[in-house]
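Worksheet for the structure shown next.
Each reported figure results from applying straightforward, stated rules to the coordinates on display, with no laboratory input. As the structure is a computational prediction, the values presented were derived from the model and not from experiment. Cβ atoms come from the backbone with ideal geometry, glycine included; neighbour counts cover every protein chain shown.
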Amino acid sequence: MPGVFDRLDKEIKDKQKEGGITPLDLAELPPALRKIMRLMLRELQMNYPRLCEVMDAIPESDRLSRDELQEALTTLTQQQWLNRIGEGEKAIYKVNLRRREGSKLAAGIWSALDAKLKKNPSDT
Amino acid sequence: MKGKIVSVHSFRGGTGKSNVTANLAAQVAMTGKRVGVVDTDIQSPGIHVLFGLDESKMGKTMNDFLHGKATVREIGFPVGENTGGGEGRSKLAGKDLWLFPSSIRGREISQILKEGVDFNLLNEGLQSTITEFDLDYLFIDTHPGLNEETLLSIATSDILIIILRPDNQDLQGTSVTVDIARSLDVPNLFLLVNKALPKYDFAQVQTEIQQKFDAPVTSVLPLSFDLADNASNDLFSLRFPEHDWSKALNRVVEFVLAVK
């Protein structure tokens, strides 16, 4: 029977499949949102108390107020650029980066290339 | 405190980016820091050569990690325990330096191109490399130009070093990269001029480029036939520490180590 961590892991993976932000979009974000996204990229995941802690550690001029932080988190989760997993203060936030799609070249080209590369013994 | 991410980038190929990255990482490791080097140039990997790693010795790679077939712990190649085949590299014996290579197998490169990249996984890999290996510095050797892997590494960097040659194509491309780096709020943006012709006035080159981009030029490295002659067989700055190129490179190391 799957444990709570397995369930959370599945929930995270399911959410990550939906939407997400591209690295290029990060550059277009308003400063407050970008600040949070940069922090989240480095920390991978944080709950709200931890985010407040990290925010309090940065220079005052760059800091977001609690209201600004809350507002930014709401926007980021609504856009599915951040995933919120769980409820209440224990809920964690996690960046959701959009997957880069594979090449749109016709499948036949890839299978031909694959077959050719398979012939090279050093590539097997 | 978490280790620093240092991305080394150039808008165009052929600037000597991998050579500079490998030598910088090695010099920082020589100061006793714990250092990692990740090759995110998945489409055209090359930095492994400078660390004496060839296909026969290459184990698990970033490609395996991105396909969920390996952990970052399994990818790390301990350079300090594998320093054979180079007089310069031998100085790294016992140092805390790990390389996280990308695959040089054609099938694995084409598989990434075909299937795309999971950026959540790539970012998790970069961040967990720092924590798992308790790194002070993680150097990222990026793909030249601007692609999404590169933008991600820039977005997550503490330090971005942009390498350019004193050439008009490089200057134009660098201005694009600088704009993007600024819009991604990179806290420490440094420039490094490589392959400057010896006949140039290096101080003047440094001043002009610094003014053009309003960013510090950490050093101007000369175009060196000796370095070309080394043919990526060894870590040049360790092998020839008194060479002008090596001395100029060490000024960049000072900038990196000075960032708090």
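Along segment B:141-146, what does the Karplus equation 6.51 cos²θ - 1.76 cosθ + 1.60 (θ = phi - 60°) give for ³J(HN,Hα), rounded to whole Hz, x for Gly and Pro?
Per residue, the Karplus-derived 3J(HN,Hα) values read 8, 8, 6, x, x, 10 Hz.
Round to a whole angstrom and tell me the spacing of the C-alpha centers of segment B:219-251 and segment B:101-128.
Answer, in whole Å: 31.
Filter the trypsin sites (Lys or Arg not before Pro) in segment A:46-106 down to the DSSP loop ones having no more than 15 other Cβ atoms within 10 Å, then list what survives.
Passing both the DSSP loop test and the Cβ count: A:Arg63, A:Lys104.
Pull up all non-local amide H partners of B:Lys4: gap of 5 or more, or a different chain, and H-to-H distance under 5 Å with H placed in the peptide plane.
Counting only residues 5 or more places away or on other chains, the set is B:Tyr137, B:Leu138.
Give the calculated FRET efficiency between B:Val205 and B:Ala231 to the nearest 0.05, with a Förster radius of 22 Å applied to their Cβ-Cβ distance.
Values: r = 26 Å, r/R0 = 1.19.
The computed FRET efficiency comes out at 0.25.
Count, for each residue of B:95-107, the Cβ atoms from other chains sitting within 10 Å of its Cβ, then give me the mean as a whole number.
Numbers: counts 0, 0, 0, 0, 0, 0, 0, 0, 1, 2, 5, 8, 8.
The per-residue average across the peptide is 2.
Suppose R0 equals 35 Å. What FRET efficiency, 1/(1 + (r/R0)^6) with r the Cβ-Cβ distance, do B:Arg107 and B:Glu87 give to the nearest 0.05?
My answer for the efficiency is 0.50.
Counting only other chains, what is the mean number of Cβ atoms within 10 angstrom of the Cβ of each residue in peptide B:176-182?
Working: counts 0, 0, 0, 1, 4, 1, 1.
Mean partner shielding for this stretch: 1.
Based on the alpha-carbon gyration tensor of the protein assembly as shown and its eigenvalue square roots a ≥ b ≥ c, which shape applies: rounded if a/c is under 1.5, prolate if not and a/b is larger than b/c, or oblate?
Oblate.
What residue among B:Ala228, B:Ser157, B:Gln172 has its Cα farthest toward the positive end of the dipole of chain B, where the charges are +1 on Lys, Arg and -1 on Asp, Glu, each on the Cβ?
B:Ala228
Under the definition of partner shielding as Cβ atoms of other protein chains within 10 Å of a residue Cβ, what is the mean value for peptide B:143-155? Write out the running numbers ahead of the final one.
Details: counts 0, 0, 0, 2, 3, 7, 2, 1, 6, 7, 1, 3, 10.
Taking all residues of B:143-155 together, the mean is 3.
Of A:Pro30, B:Ala258, B:Ile112, which is farthest towards the positive pole of the protein assembly as shown's charge dipole, taken about the Cα centre with +1 and -1 on the beta-carbons of Lys, Arg and Asp, Glu respectively?
Sorting the options by dipole projection puts first B:Ile112.
Step through the table entries A:Lys94/B:Lys4; B:Lys33/B:Lys195; A:Lys94/B:Lys17; B:Lys2/B:Lys69, compare each Cα-Cα distance with 24 Å, and write down the pairs that go over it. The partial results should precede the final answer.
Details: A:Lys94/B:Lys4 21 Å; B:Lys33/B:Lys195 28 Å; A:Lys94/B:Lys17 32 Å; B:Lys2/B:Lys69 26 Å.
Correct reply: B:Lys33/B:Lys195; A:Lys94/B:Lys17; B:Lys2/B:Lys69.
Among B:Asp214, B:Asp170, rank each residue by its count of other Cβ atoms within 10 Å, from fewest to most, as a rough exposure measure. Intermediate results must be reported in sequence, preceding the final value.
Values: B:Asp214 9, B:Asp170 21.
Ascending Cβ contact count within 10 Å gives the list B:Asp214, B:Asp170.
Based on the Cβ-Cβ distance from A:Glu101 to B:Val259, what FRET efficiency comes out when R0 is 22 Å, to the nearest 0.05? Can you show the working numbers first?
Working: r = 36 Å, r/R0 = 1.62.
The value I calculate is 0.05.
So what J values fall out for segment B:63-68 if you push phi through Karplus, 6.51 cos²θ - 1.76 cosθ + 1.60 with θ = phi - 60°, rounded to Hz, Gly and Pro as x?
Listing the rounded values in order: 4, 5, 4, 5, 9, x Hz.
To the nearest 20 debye, what charge dipole does the protein assembly as shown have about its Cα centre, counting +1 at the Cβ of each Lys and Arg and -1 at the Cβ of each Asp and Glu? Write down the numbers at each step before the final one.
Working: 47 positive and 53 negative charges, 117 e Å.
For the protein assembly as shown, the charge dipole is close to 560 debye.
Between segment A:67-92 and segment B:157-207, what's the alpha-carbon centroid distance in Å?
Between the Cα centre of segment A:67-92 and that of segment B:157-207, the gap is 37 Å.
What are the ³J(HN,Hα) values, in whole Hz, obtained from phi via the Karplus relation 6.51 cos²θ - 1.76 cosθ + 1.60 with θ = phi - 60°, for each residue of segment B:222-232 in sequence order, with x given for Gly and Pro?
Calculated HN-Hα couplings, in order: x, 5, 10, 5, 5, 5, 4, 5, 5, 6, 6 Hz.
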